[in-house]
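Everything below concerns the one structure shown next.
The values are calculated or read from the model by the stated rules, or taken from the named source; none is laboratory data. Keep in mind the model is a prediction, meaning the values are calculated, not measured. So basically every Cβ, Gly included, is an ideal-geometry build from the backbone, and we count neighbours across all protein chains shown. Keep in mind that these areas ignore ligands, DNA and RNA; they rest on the heavy atoms of the full protein, side chains included. Shrake-Rupley method; radii C 1.70, N 1.55, O 1.52, S 1.80 Å.
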Amino acid sequence: GAVVSQHPSWVICKSGTSVKIECRSLDFQATTMFWYRQFPKQSLMLMATSNEGSKATYEQGVEKDKFLINHASLTLSTLTVTSAHPEDSSFYICSAGGLGEQFFGPGTRLTVL
Amino acid sequence: AQSVSQHNHHVILSEAASLELGCNYSYGGTVNLFWYVQYPGQHLQLLLKYFSGDPLVKGIKGFEAEFIKSKFSFNLRKPSVQWSDTAEYFCAVNDIAGNMLTFGGGTRLMVKP
């Protein structure tokens with residue numbers, strides 16, 4: 001199957017700093033990527049749909065200015081958590097795919113102190 | 001909007017017991033259906049998928065699922081579970097027009113050796 005990578009796999013930062021998470025499709029091009037958030041012992045919640053060359057589409061309740069998404073190329077989407085706070089601590093997962101099937105990255109664990 | 005329900009939040013079984021995890025969805029159109037598994041500390045992996053054709057789908061590691069259109073269900077089954085099946089299982093749905101996946105709340109399975 002197709003491979004999606006994420007970097008970093010774990011990041012710890014101080015409150016108030018910004019953190020960038022990268023999502024790459026390694027062996028295929030993805031015009032659309034998705035960003036999810038998973039709290040402990042909970043399901044994945046879609047945050048936004050990242051579209052190459054255009055603005056991301058955010059789900060209701062997700063702050064656009066807080067979670068900046070850039071889909072600069074067909075193989076790379078980035079999620080920047082701006083001015084992170086402890087409540088932003090979570091597991092962030094991206095996915096990419098097409099024809100009805102999504103391939104998931106390994107996730108990035110963000111811990112904000 | 002589509003939604004997915006997994007009624008079993010936690011399941012505890014002994015090895016060799018049979019497994020059935022429920023998944024129901026609500027959506028008026030044609031859908032693609034998926035079961036994903038997330039082993040402790042690992043990322044999501046696709047177990048099986050249904051797009052069309054035979055409603056009984058066989059996946060990896062001895063899992064299968066049956067799509068019953070009249071019941072809007074896609075239950076996951078395994079005749080004999082192993083300790084290594086301990087994981088969280090997510091049912092997901094998307095409509096054939098788009099790529100966005102909607103996840104169920106997940107079922108945490110623990111298999112006692």
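Phi-derived couplings, Karplus 6.51 cos²θ - 1.76 cosθ + 1.60 at θ = phi - 60°, listed residue by residue for region A:10-21: 8, 9, 10, 9, 7, 4, x, 8, 10, 10, 10, 10 Hz, with x used for Gly and Pro. A Cα-only calculation for region B:1-40 places Rg and Dmax at 13.2, 38 Å.
Give the cross-link partners of A:LYS55 among the lysines, using a straight C-alpha distance below 28 Å as the criterion and excluding same-chain residues fewer than 8 apart. Partners within reach: A:LYS20, A:LYS64, A:LYS66. Sparsely packed loop sites in region B:1-98 (the GluC sites (Glu not before Pro) outside DSSP H, G, I, E and B with at most 13 other Cβ atoms within 10 Å) comprise B:GLU15.
Out of all Cα-Cα pairs in region A:1-100, roughly what percent, to the nearest whole number, are more than 21 Å apart? That fraction is 29 percent. The contact between chain B and chain A removes approximately 1500 Å² from the accessible area (both sides summed; 1.4 Å probe; ligands, DNA and RNA excluded).
Normalised radius of gyration (Cα atoms, divided by 2.2 N^0.38 Å) for region B:29-113: 1.09. Non-local lysine pairs in chain B, meaning eight or more places apart or on different chains, with alpha-carbon distances under 23 Å, amount to 12.
So what is the orientation-averaged projected area of region B:17-67, using the convex hull of its C-alpha atoms, in nm²? Provide the component values of the computation, followed by the final result.
Details: hull surface 18.0 nm².
Orientation-averaged projected area of the Cα hull: 4.5 nm².
When A:ILE93, A:ILE12 are compared by accessible area of protein heavy atoms, the largest-first order is A:ILE12, A:ILE93, using a 1.4 Å probe. Counting only heavy atoms of the protein chains and using a 1.4 Å probe, B:LYS112 has close to 100 Å² of accessible surface. 3J(HN,Hα) couplings calculated from phi for region A:28-41 with the Karplus curve 6.51 cos²θ - 1.76 cosθ + 1.60 (θ = phi - 60°) are, in sequence order, 7, 9, 10, 6, 10, 10, 10, 10, 10, 10, 10, 7, x, 6 Hz; Gly and Pro show x. Cysteine residues of chain A whose C-beta has no other cysteine C-beta under 4.7 angstrom: A:CYS13.
For B:GLY106, the residues 5 or more places off, or on other chains, whose built amide H falls under 5 Å of its own are B:GLN6, B:CYS91. Rolling a 1.4 Å probe over the heavy atoms of the protein chains gives the protein assembly as shown an accessible area of 49 Å² per residue.
Using a probe radius of 1.4 angstrom, the carbon and sulfur fraction of the accessible surface of region A:1-89 is 52%.
Hey, what's the per residue convex hull volume over the C-alpha atoms of the protein assembly as shown, in cubic angstrom? Kindly include the intermediate steps, with their values, before the conclusion.
Details: hull volume 27.4 nm³, N = 226.
Per residue, the Cα convex hull of the protein assembly as shown comes to 121 Å³.
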